[in-house]
Amino acid sequence: MERLFTKLCMLIVVALALQMHGNKGCLEKERIALLAIKPFIINATVFDEVVDDRNRTVESWVNDRVSDCCDWYRVECNTTTGRVINLSLSNILSGSTTILNFSLFQPLEQLQILDLSDNYFEGWDYSRGEGFGNLRNLEYLELSGLGNLRNLEYLDLSSNSINGSLQELGLANLTNLEFLDLSHNKIMSGSLQQANLRNLKFLNLSENGMIESLQELGICNFKNLIELDLSKNNFEGHLPPCVNNLTILRALDLSYNQLTGNIPSLNLLTSLEYLSLWDNNFEGLFLFGSLANLSKLETFELSTEDSKLQVQENENFLQPPNQLKFLYLSYCNLHGIPSFIMYQHSLEVIYLSHNKLVGMVPTWLLHNNTRLQRMHLISNSLSGILQLPNSTHDLLELLISNNNLTGQLPMNISVILPRLMNLDLSKNGFEGYIPWSMGEMKTLTMLDLSSNNFSGELPKPFVSGCPSLELLKLSNNNFHGEIFPRFMNMTRLEVLLLDNNQFGGKIQDGLSKARLLVVLNLSSNRFSGEIPHWFGNFSNLKFLVMSNNILEGGVPVQLSNMEKLDYLDISENRLSGSILASSFNLSWVRLLYMRKNAFNGSIPNAFFRSSTLVVLDLRDNKLSGSIPNQIDDNLPNRFLLLGGNHLEGHIPLELCKLRYIRMLDLSRNRLTGSVPSCFSNMLLWTVKDGYEHNRFFIRYIYVKDGTVSSDTEVNIQVGFVTKNRNESYKGSILRYMLGIDLSSNELTGDIPTDIGNLQQIKAMNLSHNFLSGSIPESFSNLTNIESLDLSHNKLSGRIPTQLTQLNSLEIFDVSFNNLSGSVPDKGQFGTFVESSYGGNPGLCGPQIKRSCGSSEPTTPSGAGEYEEDESAIDMVSFYWSLFAAYVTTIMAFILILLLNSDWRKRWFCFIDACIISSYCWILRNVFHKYDDIYVR
């Protein structure tokens, strides 16, 4: 007995020693297996800007026979056995798509947790080995082989690129599966009706784009479900009543689908805590009474943009309804607040935005719900003044933008709502001053008062207060006065929008304290002076807009220090001097607007070698010299706008390297030479959707506490003359606009036939040049053109009848050329007015009210033709001939006087007599010197 006890003690001591000291290293077989996985990771990873963590994953995996694989990054071993039990490789192949080879993991027989989520696996390979057949201890698998894993309980295949159907995943035999996450893939069809998932508790199929009915999906068979997420798909049909069979369900998310029909009663789901029916196409009448038995329900979401759903606003309840915490009723066609809400006293969040609510702001909600934190009433028809409750409230967020509210802001807003963090009153009719007491709102982080009728100067307590303010929007009001004094204390500002006001004076250095600025818009005000050099200290600034002010001086070189600057607009000021490439960080800036200033000198070559510049707008300055010809291949420039300067020389052929150009404006310069035929190489002008992946807006999403609190979107905006109008194209409409403007230059020669290959172009303006030859018949290939201006040139010949095939053509102008023949009258040409052809005496036809007769004239000769249309006179030739006749007459008269002395004497006597007569007339009528003589 004693021996047995002694042996037992020894075993315990040994076990304790092993437990305390653990195994000194991992198994050699498993170390080799991990080293085999390493090249797979390296070869499959697409490295980008965020590579530190991915590199570090395999950097420690070294084959030196000294390092312990249990110490390798993302590897965890059992402290007793030294076997690998946890391998985390999530989000390591981001940006790549590859096939996962399961055989790599076979030697890790004791593996319990394998995390391969958030990668881009398109599938997996069973062809070598038995997949995960040897991993009999696996308890947690993310992106696994499914066939042999009958004991698998947790399966997460989320955020990959898996496509196909549900049946192809082999889920049928996973009888012990409790957690299944297939979200954010490309599984667009299939059913789970044949899957024996009797123990399934959590099912997530969101964000797959599935096109099925819920009945066919078979969700009603899983009676042990606790959470079911089918959001962000395309499920159609009715919500099946059998959902009531899921009696222990706690969370049901059916948002962002295409479900139709009436919303059935869900009173049997007594365990339900979360129910989202957001953004579907339900119909009929919805009663809050249908939720009466859901006593545990805390969150309810309902919205529809289809007017077929009507929410009952007035209901009688025999007993107080269940108390919700989160209620979302946007897009529900509400005209009044449902009576159900009047019984609520535990609300923490209420969204009633995008309805048709009328009357005053329902501040009684604050009185009824003392724990209310967020109240959204955006885009309704609320009116009157903003009347706050009498007592203080701990509301954190109040959004009432886009209503019809008027009057002034309550002076006691900081007293009643002392903890307010987000206040949005934009797009209303508020007027008056900003209350000085708002400077006492220490927790205020976002304030949007834009698009109202506020006026006056910003109160000193407001500017020196609000230390937590991160977003301030005062755009589109009538504020005035100087701003940014030294005592400004808004040091945490990230977004500052002051555009379209009447602020003036110099930009004071109080703004320099806001070192965290990302968005700064000072446009359309009266700011003067120079651009402060300390702007270069804004290292986080991405958007800087100062257009339409009266700023002077040059562009400070310190702006190049803004390494993140993406968008710079200094247009419509009084800036001058040479443009220095060193003033801009051309390795980052994408949109550069400098039009309507007084910049002079040449265009820096660096602008045409930037690998990031998408928009370059230098129009209406005093730039001279030639267009740079040192242009790199395949640059991203989409909009090159150089019109209204003093540029000279030929159009460089190197411009044709800008294959992705959308708008090219070289008008109103002094360019000479011919039109380059290589313009036909412009990819977007010739090929539909020619590899265009560019976004036409830049967005700054302001995230607070993990949620999107504000979305600042700056659209790309480009002005371009088309259809005889200066149009402004903004945002996504630019995707459909392609144009070229070479007007008002000194271009000569024929129009290249290859220009007719620009099939996608919308507008072409070659007017006011000296182009000759005929209009190319290939212009009939410009099938998408809407505006074609060839006026004021020296074109001759006929107007090609093939142009009548241009069904999109709205503006056609060939006036003041030397064209002849009949004017086409078919298709769109039957709509063009007479002025489109004026100044071409050789043209005839009904549109210009000139008969072609029996034989059509071929040349614009004959005085009679000029008498028919006096406007057809070539004014340049007329002025030269008039000058020549005048000089000839004078020279002939002088020659006669030199040859005939008698005539010469008579001429000079006549001149003397005229001088004496004029002298006497001036003395008598101007100075009245001879009045006395005549009186006597």
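Being in contact with a Pro (Cβ under 8 Å, 6 or more places away or on another chain) and of a type outside the set (S, T, N, Q) narrows it down to one of 797, 773, 756, so name that one. Show your work before the answer.
Working: 797 fails: in contact with a Pro (Cβ under 8 Å, 6 or more places away or on another chain); 773 fails: in contact with a Pro (Cβ under 8 Å, 6 or more places away or on another chain).
Of the residues listed, the single one that is in contact with a Pro (Cβ under 8 Å, 6 or more places away or on another chain) and of a type outside the set (S, T, N, Q) is 756.
Looking at segment 791-821 only, could you name the residues that are over 14 Å from residue 775 (Cα atoms) and surrounded by fewer than 20 Cβ atoms within 10 Å (Cβ to Cβ)?
805, 807, 808, 810, 811 - these are the residues of segment 791-821 that are over 14 Å from residue 775 (Cα atoms) and surrounded by fewer than 20 Cβ atoms within 10 Å (Cβ to Cβ).
Output the qualifying pairs, or none if there are none: Cβ atoms under 6 angstrom, residues six or more apart or on different chains, first residue in segment 754-765 and assigned to a helix (DSSP H, G or I), second residue polar (S, T, N, Q) and open to solvent by 40 Å² or more (accessible area, probe 1.4 Å).
Within 6 Å, the pairs are 754/677; 756/781.
Quick check on my filter: what residues within segment 449-484 are among the charged types (D, E, K, R), under 18 Å from residue 413 (Cβ atoms) and surrounded by 22 or more Cβ atoms within 10 Å (Cβ to Cβ)?
473
When segment 302-332 is examined, which residues are found to be open to solvent by 10 Å² or more (accessible area, probe 1.4 Å), modelled with pLDDT of 90 or more and assigned to a loop (DSSP other than H, G, I, E, B)?
Matches in segment 302-332: 325, 331.
Residues in segment 340-367 that are over 17 Å from residue 409 (Cα atoms), among the polar types (S, T, N, Q) and out of contact with any Phe, Trp or Tyr (no Cβ under 9 Å at 6 or more places or on another chain): how many?
2
Looking at (1) of a type in the set (A, V, I, L, M); (2) modelled with pLDDT of 95 or more; (3) assigned by the TED database to the domain that holds residue 489, can you tell me which one residue 400 breaks?
So the condition that residue 400 fails would be (3).
Could you tell me whether residue 516 is more than 18 Å from residue 449 (Cα to Cα), open to solvent by 30 Å² or more (accessible area, probe 1.4 Å) and either outside the structural domain of residue 433 (by the TED database) or not hydroxyl-bearing (Ser, Thr, Tyr) (or both)?
Judged against the criteria, residue 516 is a match.
Is one or more of the residues making up segment 74-84 in a helix (DSSP H, G or I) and modelled with pLDDT under 85?
Among the residues of segment 74-84, not one is in a helix (DSSP H, G or I) and modelled with pLDDT under 85, which makes the answer no.
For segment 594-675, which strands (runs of 3 or more DSSP E) that fit wholly inside it have 1 or more residues that are more than 26 Å from the chain's Cα centre (by Cα)? Let's see the steps before the verdict.
Working: elements: 598-601, 615-617, 622-625, 639-641, 646-650, 663-665, 670-672.
Answer list for segment 594-675: 598-601, 622-625, 646-650, 670-672.
Of all the residues that make up segment 261-283, how many are surrounded by fewer than 17 Cβ atoms within 10 Å (Cβ to Cβ) and not in a loop (DSSP other than H, G, I, E, B)?
Selection size over segment 261-283: 2.
Taking the condition of a type in the set (Val, Ile, Thr), part of a loop (DSSP other than H, G, I, E, B) and either surrounded by 22 or more Cβ atoms within 10 Å (Cβ to Cβ) or within 40 Å of the chain's Cα centre (by Cα) (or both), does residue 785 pass?
Numbers: of a type in the set (Val, Ile, Thr): yes; part of a loop (DSSP other than H, G, I, E, B): yes; either surrounded by 22 or more Cβ atoms within 10 Å (Cβ to Cβ) or within 40 Å of the chain's Cα centre (by Cα) (or both): yes.
So residue 785 passes the test.
Hey, can you tell me all the residues within segment 239-289 that are touching a strand residue (DSSP E or B) at 6+ places or on another chain (Cβ under 7 Å) and of a type in the set (Asp, Glu)?
253, 273, 283
The values are calculated or read from the model by the stated rules, or taken from the named source; none is laboratory data. Please read all numbers here as calculations on a predicted model, not as lab measurements. Cβ atoms come from the backbone with ideal geometry, glycine included; neighbour counts cover every protein chain shown. In case anyone asks, the SASA skips ligands and DNA or RNA and just uses the protein heavy atoms, side chains included. Shrake-Rupley method; radii C 1.70, N 1.55, O 1.52, S 1.80 Å.
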